[in-house]
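Asker: Below: one structure in structure tokens.
Read-outs throughout are calculated quantities, based only on the coordinates presented, and are distinct from any laboratory measurement. Since the model is a prediction, treat every value here as computed from it, not as a measurement. Here the Cβ positions follow ideal geometry from the backbone for every residue, glycine too, while neighbour counts run over all protein chains shown.
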Amino acid sequence: MAGGSDDVVDGTVSLVAWRGVVWCGDQAIGCYGCGGSAYRDTIKIIVDVSCSIVSSSIAAIARDWRGDVVFACSKRVNTTLPLQAEAEAIIWALNLVANLDVDSISIESDSKSCIDVLSCPNLDVPWRIKTICSDVLALKLNFSNCRFSWVAREANVVAHVLAKWSLSNNYFGSFDVGLEPPCFVSVIRAEALSLLV
């Protein structure tokens, strides 16, 4: 899984698993504690969106327990509604990680509405995301441990930056080491360096 170069295919997106994207000079460093899961076997996926008047971009960044990036990808979705795009990002993340053969996942989003509905299924669901949320809860059953968490915008800057860059540059897909946007790399490096202080 982590550190490999096996292609994982999910319909229209081919993911290349990678890690060690954080570099300090010529030495690769891990992002220990930075966005990583507390448990060794858990993959944490941070999702976010960027919306325009025509469409939206969703991004998913998966990290292992060390905080190393496992995959980063973006996708265009045909909605201009932020809540609907956030729900689309969550279900897409579940579908992506299903192909990685992991049993324990944690999905983080800054959409409190989506996370509240997924964490407490008895809440009233906004009609625009009702079907998506039902599908997410059904997909959740495929994992032995699947957790949804709300995070502040500051905690998912990397996903927001990738979604925004993808939308403004009309470039969607998976991002491999050396081919990722500079703004994305800058955020990953800044997160790693903030932990070294």
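Asker: Listed highest first by mean packing, meaning other Cβ atoms within 10 Å per residue, what order do 70-82, 135-147 come in?
Answerer: Peptide ranking by packing, descending: 70-82, 135-147.
Asker: With no solvent and one point per C-alpha, what does the Debye sum give as log10 I(q)/I(0) for the stretch 69-197 at q = 0.16, 0.17, 0.20 Å⁻¹?
Answerer: Those come out to -0.88, -0.99, -1.30, one per q.
Asker: Of D176, D101, D48, how do they rank once you tally other Cβ atoms within 10 Å and put the fewest first?
Answerer: Neighbour counts put them in this order, fewest first: D101, D176, D48.
Asker: Then there's this: Taking the number of other C-beta atoms within 10 Å as the exposure measure, put W150, W165, W92 in order starting with the fewest.
Answerer: The order, fewest Cβ neighbours first, is W150, W165, W92.
Asker: Once the piece of chain linking D103 and N122 is laid out straight, how much longer is it, given 0.36 nm per residue of separation minus the C-alpha distance between them?
Answerer: Between D103 and N122, full extension yields 4.3 nm more.
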